[in-house]
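Participant: One structure, as structure tokens, below. Some questions next.
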Amino acid sequence: MANIHRYFMKVIGLLVSFHGIINATNQSVLLNNLFKTYHADTLPYCDSQSKPVDVYVGIAIRQVIELNEPKQILTINAWIRLRWNDCQLVWNASEYGGIDSLVVPFEKIWTPDITLFDNAADELAGLKDYRPAVYPDGTVNYYFPTVIDSLCNVDVTYFPYDTQYCPLTFGSWAYHGNDLNVENRSESGDISSFKVNTEWKLSSVPLKRTVSYYSCCPEPYPAVTFYVTLKRKPLFYVLNLLFPCILITSVAMLGFLLPPDAGEKVSLEITVLLSLAVFLLVVSETLPPTSENFPYIGIYFACAMVMVSVSTILTVIVLNFHFKGQHGRPVPRWIRKVFLGGLARFLLVKDYDATVHPCNNTDLTIEDMETIKQVLFQLVLIHLHFRSLFWDAFSNFSRIIA
């Protein structure tokens, strides 16, 4: 019984080997017949073919590696999918042992010179490193992975609630539309295999086919453009930029609450001003150096710096008047009229009689100093109120845009 089993296994092994030899022979015969008169350097035209060669272009976004905003370059990992029909690579599968596909080297058959127009690298990586698959009806599928470095015009107006649209335009560089017609494989790019990025969310990859005419050549040049839509995740920038900036600008109010004799009023305001300058520098290094679309957050930092600068100037003026009064120097008439008269009544601090006293009695009393402090404090509250309104309007507008 054991001998019969061994004999049976040997027979099966011989049949499998014989079948493999037959398949290898059929494949060799098929390759010899297909490439006997085949020329890989010319377009795959046949006698009955009068229309151009149709090349279908598709893309699958695998990963967003980086969006370099200062240099405005998008780096992504993608799978390029090309399909066309080569009428010289047609065979009857039944005549060659049922062979229904062939995987051949890249240089052995004609391949379209599909080019990324806004390529920031030397060439489209991986185009010549992989092998296309050929089918009996002449269909050729060429799928290969690549890393794309493309130019992308970054719009940071609504940073960090911005959305970027980076176009990837593919077309033939050597052939015009009468010889090679570029079409899209699907209605949009494939994002089913996308790996999540920590900073960007890939919303969609819509596409558009265009036909361009150039002054150098009368022929049409078709191309397919994929719009990579990236939406920024704002939480990191809200916690590390916006929230500290709001706290720092709020600290500026403490300078008006410090007594003049503390000696730290001006130091506090200058520290806040320097902190805002550092935050503005961080934002400027993150964003591209453009004057076309300055971000609203940069405008907010600039306005906050102006307000803190004004607060510093007012603090210096208050200290100047305070120490002048201590040394017995008279207070000018116009200051009494402005602060103890007009502003006091306008801000409802105190119903104060702004009658100008004689020159020999122009020193500020304790009551006068309290009134001036209340006037300045009301000015600070108005300043903070307008700044809060500005920030609320900016946040609501950003949410609407997002």
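Participant: Which condition number in (1) modelled with pLDDT of 90 or more; (2) surrounded by 17 or more Cβ atoms within 10 Å (Cβ to Cβ) is the one that L30 fails?
Facilitator: Condition not satisfied by L30: (1).
Participant: Looking at region 168-186, can you tell me whether even one residue there is surrounded by fewer than 19 Cβ atoms within 10 Å (Cβ to Cβ) and closer than 30 Å to Q27 by Cβ?
Facilitator: Yes, region 168-186 contains at least one residue that is surrounded by fewer than 19 Cβ atoms within 10 Å (Cβ to Cβ) and closer than 30 Å to Q27 by Cβ.
Participant: Hey, can you tell me all the residues within region 318-337 that are modelled with pLDDT of 65 or more, farther than 21 Å from G255 by Cβ and surrounded by fewer than 18 Cβ atoms within 10 Å (Cβ to Cβ)?
Facilitator: P330, P332, R333, W334, K337
Participant: Test of understanding: among G97, G126, which residue is assigned by TED's automatic domain parsing to the domain that holds W173, of a type outside the set (S, T, Y) and over 21 Å from R185 (Cα atoms)? Before you say what the answer is, go through the steps one by one.
Facilitator: On the way: G126 fails: over 21 Å from R185 (Cα atoms).
Going through G97, G126 in turn, just one is assigned by TED's automatic domain parsing to the domain that holds W173, of a type outside the set (S, T, Y) and over 21 Å from R185 (Cα atoms): G97.
Participant: Here is a list: P288, P234. Which entry is under 27 Å from T157 (Cβ atoms) and at pLDDT 80 or above? Talk me through it step by step, then tell me what you get.
Facilitator: Numbers: P288 fails: at pLDDT 80 or above.
That would be P234, the only listed residue that is under 27 Å from T157 (Cβ atoms) and at pLDDT 80 or above.
Participant: (1) out of contact with any strand residue (DSSP E or B) (no Cβ under 6 Å at 6 or more places or on another chain); (2) under 22 Å from D113 (Cα atoms); (3) surrounded by 14 or more Cβ atoms within 10 Å (Cβ to Cβ): which one isn't true of F226, the others all being true?
Facilitator: Every condition holds for F226 apart from (1).
Participant: Right, something else. Identify the single condition in (1) closer than 23 Å to L74 by Cβ; (2) in a helix (DSSP H, G or I); (3) of a type in the set (A, V, I, L, M, F, W, C) that L202 does not satisfy, given that it satisfies every other one.
Facilitator: The number of the failed condition is (2).
The values are calculated or read from the model by the stated rules, or taken from the named source; none is laboratory data. Bear in mind that the values here come from a model prediction, so they are computed numbers and not experimental data. Counting neighbours? That spans all protein chains shown, and the Cβs are built from the backbone with ideal geometry, glycine included.
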